[in-house]
């Protein structure tokens with residue numbers, strides 16, 4: 001079985017401040033991990049993914065995430081928030097079988113001017 | 001342009017009136033799935049399909065049907081919609097088998113059942 005926990009359904013940061021969105025996963029096999037972003041009235045768009053190899057993964061729009069196996073975490077960060085980063089972010093995991101994807105419950109990011 | 005297209009984007013219907021939400025992808029993907037998104041619950045998988053004529057239940061299949069007669073199309077059917085099916089629905093497709101392939105999502109269909 002696999003699961004994803006996103007801590008904090010709502011996160012507020014000031015423009016220019018560090019963005020940190022937390023994701024912890026549970027998986028019985030080595031996981032592949034994803035972060036998706038959803039802007040208002042749009043579908044989900046891939047931000048970044050971890051498959052194998054380098055544990056620090058860089059994505060679009062200046063976001064990055066680090067896979068930490070010992071902590072079963074895959075937190076999303078961005079050094080400096082922009083107003084355009086306001087959106088909902090979903091962490092997701094796949095493991096085993098034919099690609100069942102389990103999503104977290106999402107974190108809405110608010111950026112305050 | 002690679003895309004997943006859903007129609008309609010918005011739909012208001014009455015309880016019990018059958019409806020179909022269409023989904024089409026132009027990436028020749030074998031794997032397609034439907035999700036519903038509800039506040040605080042994230043995305044939950046309704047049905048998925050690994051190829052033509054191969055479909056299976058996801059986590060919340062009750063009240064839904066699907067079909068996969070062609071590789072590109074994967075319609076979601078609500079035979080008798082009820083208010084608890086009011087939700088935001090997403091269709092997604094994925095590439096060849098392999099755990100690192102990400103899902104491509106449609107723009108979503110916001111369904112209201114009154």
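The values are calculated or read from the model by the stated rules, or taken from the named source; none is laboratory data. Computed from a prediction, not measured in an experiment: that's the story for all the values here. Please note: Cβ atoms are built from the backbone with ideal geometry, for glycine as well, and neighbour counts cover all protein chains shown.
Can you confirm whether segment B:74-86 contains a residue that is within 14 Å of chain A (Cβ to nearest Cβ) and surrounded by fewer than 16 Cβ atoms within 10 Å (Cβ to Cβ)?
Scanning segment B:74-86 turns up no residue that is within 14 Å of chain A (Cβ to nearest Cβ) and surrounded by fewer than 16 Cβ atoms within 10 Å (Cβ to Cβ).
Select, from A:76, A:56, the only residue that is exposed (fewer than 13 other Cβ atoms within 10 Å of the Cβ), away from chain B (no Cβ under 13 Å) and under 13 Å from the mean Cα position of the chain (by Cα). So that I can check it myself, show each step before the final result.
Values: A:76 fails: exposed (fewer than 13 other Cβ atoms within 10 Å of the Cβ).
None of the others qualify; the one that does is A:56.
Conditions tested, residue by residue: (1) touching a strand residue (DSSP E or B) at 6+ places or on another chain (Cβ under 7 Å); (2) outside any loop (DSSP other than H, G, I, E, B); (3) surrounded by 18 or more Cβ atoms within 10 Å (Cβ to Cβ); (4) at the interface with another protein chain (Cβ under 9 Å from one of its Cβ atoms).
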| residue | (1), (2), (3), (4) |
| --- | --- |
| B:50 | yes, yes, no, yes |
| B:68 | yes, no, yes, no |
| B:71 | no, no, no, no |
| B:104 | yes, yes, yes, yes |
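In the list B:5, B:15, B:20, which residue meets the criterion of being in contact with a strand residue (DSSP E or B) (Cβ under 7 Å, 6 or more places away or on another chain), modelled with pLDDT of 95 or more and part of a loop (DSSP other than H, G, I, E, B)?
Answer to the check: B:15.
From (1) modelled with pLDDT under 95; (2) farther than 20 Å from residue B:33 by Cβ; (3) in a strand (DSSP E or B), pick out the condition that doesn't hold for residue A:22.
Unmet condition: (1).
Check whether at least one residue in segment A:86-99 is loosely packed, with under 14 Cβ neighbours inside 10 Å, over 23 Å from residue B:60 (Cβ atoms) and either within 12 Å of chain B (Cβ to nearest Cβ) or free of Cβ contacts under 8 Å to residues at least 24 places away in the same chain (or both), and report yes or no.
no
Is it the case, given these coordinates, that residue B:110 is part of a loop (DSSP other than H, G, I, E, B), modelled with pLDDT of 95 or more and over 27 Å from residue A:50 (Cβ atoms)?
no
Would you call residue A:1 loosely packed, with under 14 Cβ neighbours inside 10 Å and closer than 22 Å to residue B:36 by Cα?
It is true that residue A:1 is loosely packed, with under 14 Cβ neighbours inside 10 Å and closer than 22 Å to residue B:36 by Cα.
Filtering segment B:38-48 down to residues that are farther than 20 Å from residue B:3 by Cα and part of a strand (DSSP E or B), which residue is nearest to the other protein chains (Cβ to nearest Cβ)?
The qualifying residue nearest to the other protein chains (Cβ to nearest Cβ) is B:42.
Do we find that residue A:65 is surrounded by 14 or more Cβ atoms within 10 Å (Cβ to Cβ), in contact with a strand residue (DSSP E or B) (Cβ under 9 Å, 6 or more places away or on another chain) and assigned to a loop (DSSP other than H, G, I, E, B) in this structure? Steps first, please.
Details: surrounded by 14 or more Cβ atoms within 10 Å (Cβ to Cβ): yes; in contact with a strand residue (DSSP E or B) (Cβ under 9 Å, 6 or more places away or on another chain): yes; assigned to a loop (DSSP other than H, G, I, E, B): no.
So residue A:65 fails the test.
Please specify each residue of segment B:7-37 satisfying the condition of being touching a residue at least 60 places away in the same chain (Cβ under 8 Å), farther than 21 Å from residue B:95 by Cβ and within 14 Å of chain A (Cβ to nearest Cβ).
Once the filter is applied, which keeps residues that are touching a residue at least 60 places away in the same chain (Cβ under 8 Å), farther than 21 Å from residue B:95 by Cβ and within 14 Å of chain A (Cβ to nearest Cβ), segment B:7-37 yields B:7, B:8, B:9, B:10, B:21, B:37.
For segment A:40-53, which positions are facing chain B (nearest Cβ under 10 Å), surrounded by fewer than 19 Cβ atoms within 10 Å (Cβ to Cβ) and not in a strand (DSSP E or B)?
Residues satisfying the conditions are A:41, A:42, A:51, A:52.
Of the residues A:111, A:37, which single one is more than 14 Å from chain B (Cβ to nearest Cβ) and at pLDDT 95 or above?
A:111
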